[in-house]
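A.B. asks: Quick one: the structure is below, questions incoming.
A short reminder: the numbers here are calculations on the coordinates, not readings from a lab. Keep in mind the model is a prediction, meaning the values are calculated, not measured. Cβ coordinates were reconstructed from backbone atoms using ideal geometry, including for glycine residues, and neighbour counts include every protein chain displayed.
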Amino acid sequence: MVRKENVVIKEGLKGGNGTVEIHHFLTEEELMGHATMYARVVLKPHSSIGWHQHIGNTEPYAIIKGEGTFVDNDGSKTTVHPGDVCLIEVGQWHAMENNTDEDMEMIALIMIQRFPAYFIYLYFIKFFEMRFLFHTSLGTNSTMTTSGGFQMRGRLFLQSPRLTTIVVFSS
């Protein structure tokens, strides 16, 4: 299949100035839970993406055209050019500025943080013959019991209408 990018135009993105075009390559559904955005991002002249924090995700930027100013987690500013890669780690803050008279373009991939291997990922609760001891909502702690009586405590992270509830539990 071949198709065109889905272009979204944002004014004042993350509290920044001016216009930013986001040319989405894939939808969130097509990213299959691995990422929330994969796109070519165009900062128009004298525009910026405001200072913001990445919680639960990371975002590398690959600069492909023009010149920008990357504002890193510690507030330092670095001039970036095509071929430079900016990495924003989980929990870090950053911003990007285009202070020139030309467009600045980059590829951005916002990847979801993965949990350590000791977590158990349960996709089809009925398949594992497990049941909730009580109903819970997203982000709250819960307990579940297997048919063999083993109890696990954890936190519900995601629900999907296409799958039985998706949960992440730690023992």
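A.B. asks: Rounded to a whole number, what is D in µm²/s for the stretch 14-75 from Stokes-Einstein with the Kirkwood radius over alpha-carbon pairs (25 °C, 0.890 mPa s)?
C.D. replies: After rounding, the answer is 185 µm²/s.
A.B. asks: Among 89-98, 18-27, what's the highest-first ranking by average C-beta atoms within 10 angstrom per residue?
C.D. replies: 89-98, 18-27
A.B. asks: Ok, one more. Tell me, what HN-Hα J-couplings in whole Hz come from the Karplus equation 6.51 cos²θ - 1.76 cosθ + 1.60 at θ = phi - 60° for each residue of the stretch 29-43, using x for Gly and Pro?
C.D. replies: 4, 5, 7, 6, x, 8, 7, 10, 7, 9, 7, 8, 10, 10, 8
A.B. asks: Using the Karplus equation 6.51 cos²θ - 1.76 cosθ + 1.60 (θ = phi - 60°), what ³J(HN,Hα) coupling, rounded to whole Hz, does each residue of the stretch 100-107 give in order, writing x for Gly and Pro?
C.D. replies: 9, 9, 10, 5, 10, 10, 8, 9
A.B. asks: Just report the Cα centroid separation between the stretch 85-113 and the stretch 20-82, whole Å.
C.D. replies: If we compute the Cα centre of each part, the gap is 3 Å.
A.B. asks: Kindly write out, for the stretch 49-61 in residue order, the coupling ³J(HN,Hα) from the Karplus curve 6.51 cos²θ - 1.76 cosθ + 1.60 (θ = phi - 60°), rounded to whole Hz, with x marking Gly and Pro.
C.D. replies: 9, x, 5, 8, 10, 9, 10, x, 8, 10, 8, x, 10
A.B. asks: In addition: Can you list the residues of the stretch 12-34 with backbone N under 14 Å from a point 7 Å past the Cα of M1, pointing along Cα to Cβ?
C.D. replies: Only 25-32 fall inside the zone, counting backbone N under 14 Å.
A.B. asks: Assuming 0.36 nm per residue, please report the length gained on full extension of the stretch I64 to K14 beyond their Cα-Cα distance.
C.D. replies: Between I64 and K14, full extension yields an extra 15.8 nm.
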